[in-house]
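**Q** Submitted below is the structure of interest, expressed as structure tokens.
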Amino acid sequence: MKTNFRSLGLALLLAIAVVGVNATELRNAEAEPGLELENWMTDISLFEVNKTESVAGTVVDIAVSNPDFSILVEAVTKADLAGALSADGPFTVFAPTNQAFENLFSQLGVEGINDLTAEQLTPILTYHVVSGKVMSTDLSNTSVATLNGQKIKVDLSDGVKINDSKVVAADISGNNGVIHVIDKVLVPEAKQKSGGCSN
């Protein structure tokens, strides 16, 4: 009789163990398809990383991943500059926020990017890009040539200003350059068209 109880007890323990393993496998199988990364899992500042390796992607990838740059991304896409800015570089990008673009739209009397052509956007966007990876510690009171061909003025006398815009965040580093966030869209001087004047 004791042997029967012992056998029954062992069988019951074995069954519980098998059911437990199957339940764990089932939970894992159910969890995998819906697995989503939490924000903190992708925040590289929480982890030790090798500073010589880039883990953030290109400057374009960084802009695409930040909702504050959605208008900038839309403009870069419309002007067909995303491929160029995803190249090896390196580039330094002074990136205006969405609010900076909204302020520009108000000044221009337009609704948004859809009201501007690629030809209008290209000289503005390239005016925000400097060749080379210029970190905040490399900045000085000077003028710097942009990919537009015109120069921007760097003023360190009261914070950091690029022309008349303020740098509100700096040194967002990617594997092909760096982004500095500015609060105003930089507008280059209009180039004079050649040709005679008509009266």
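**Q** Name the residue that is farthest from the chain's Cα centre (by Cα), counting only residues in the range 82-108 that are at pLDDT 90 or above and part of a loop (DSSP other than H, G, I, E, B).
**A** To start, the set of residues in the range 82-108 that are at pLDDT 90 or above comprises 90-107.
From what is left, the residues that are part of a loop (DSSP other than H, G, I, E, B) are 90, 97.
Numbers: P90: 15, T97: 11 Å.
Going through the qualifying residues, I end up with P90.
**Q** State all residues of the range 93-112 that are closer than 20 Å to I62 by Cα and not small (G, A, S); if no residue qualifies, say none.
**A** Narrowing the range 93-112 to residues closer than 20 Å to I62 by Cα: 93-101.
Those that are closer than 20 Å to I62 by Cα and not small (G, A, S): V93, F94, P96, T97, N98, Q99, F101.
**Q** Residues in the range 126-134: is at least one open to solvent by less than 60 Å² (accessible area, probe 1.4 Å), more than 14 Å from V185 (Cα to Cα) and in a loop (DSSP other than H, G, I, E, B)? Don't jump to the end; show me each part of the working.
**A** At the first step, the residues of the range 126-134 found to be open to solvent by less than 60 Å² (accessible area, probe 1.4 Å) are 126-130, 132, 134.
Checking which are more than 14 Å from V185 (Cα to Cα) leaves us with 130, 132, 134.
Still in the running and in a loop (DSSP other than H, G, I, E, B): 132, 134.
Yes, there is a match, as at least one residue in the range 126-134 is open to solvent by less than 60 Å² (accessible area, probe 1.4 Å), more than 14 Å from V185 (Cα to Cα) and in a loop (DSSP other than H, G, I, E, B).
**Q** Quick one: would you say V76 is assigned to a strand (DSSP E or B) and either at pLDDT 90 or above or crowded, with 21+ Cβ neighbours inside 10 Å (or both)?
**A** Details: assigned to a strand (DSSP E or B): no; either at pLDDT 90 or above or crowded, with 21+ Cβ neighbours inside 10 Å (or both): yes.
No.
**Q** Here's a follow-up. Given the conditions (1) part of a helix (DSSP H, G or I); (2) open to solvent by less than 70 Å² (accessible area, probe 1.4 Å); (3) among the hydroxyl-bearing types (S, T, Y), and given that S173 satisfies all but one, which numbered condition is not satisfied?
**A** In the conditions (1) part of a helix (DSSP H, G or I); (2) open to solvent by less than 70 Å² (accessible area, probe 1.4 Å); (3) among the hydroxyl-bearing types (S, T, Y), S173 misses (1) alone.
**Q** How many residues does the range 86-117 contain that are within 21 Å of D183 (Cα to Cα), in contact with a Ser or Thr (Cβ under 8 Å, 6 or more places away or on another chain) and open to solvent by 20 Å² or more (accessible area, probe 1.4 Å)?
**A** If we filter the range 86-117 for residues that are within 21 Å of D183 (Cα to Cα), which is where we start, we get 91-113, 116.
When the remaining residues are screened for being in contact with a Ser or Thr (Cβ under 8 Å, 6 or more places away or on another chain), the result is 91-92, 94, 96, 98, 100.
Subsequent filtering for residues that are open to solvent by 20 Å² or more (accessible area, probe 1.4 Å) retains 91, 98.
Within the range 86-117, residues that are within 21 Å of D183 (Cα to Cα), in contact with a Ser or Thr (Cβ under 8 Å, 6 or more places away or on another chain) and open to solvent by 20 Å² or more (accessible area, probe 1.4 Å) number 2.
**Q** Scan the range 116-132 and report the pairs whose first residue is over 16 Å from Q150 (Cα atoms) and whose second residue is open to solvent by 10 Å² or more (accessible area, probe 1.4 Å) and part of a helix (DSSP H, G or I), with Cβ atoms within less than 7 Å and a gap of 6+ or a chain change.
**A** A118/K78
The values are calculated or read from the model by the stated rules, or taken from the named source; none is laboratory data. Nothing here was measured: the structure is a model prediction, and the numbers come from that model. Cβ coordinates were reconstructed from backbone atoms using ideal geometry, including for glycine residues, and neighbour counts include every protein chain displayed. Areas reflect the complete protein model, heavy atoms only, side chains present, ligands, DNA and RNA absent. Shrake-Rupley method; radii C 1.70, N 1.55, O 1.52, S 1.80 Å.
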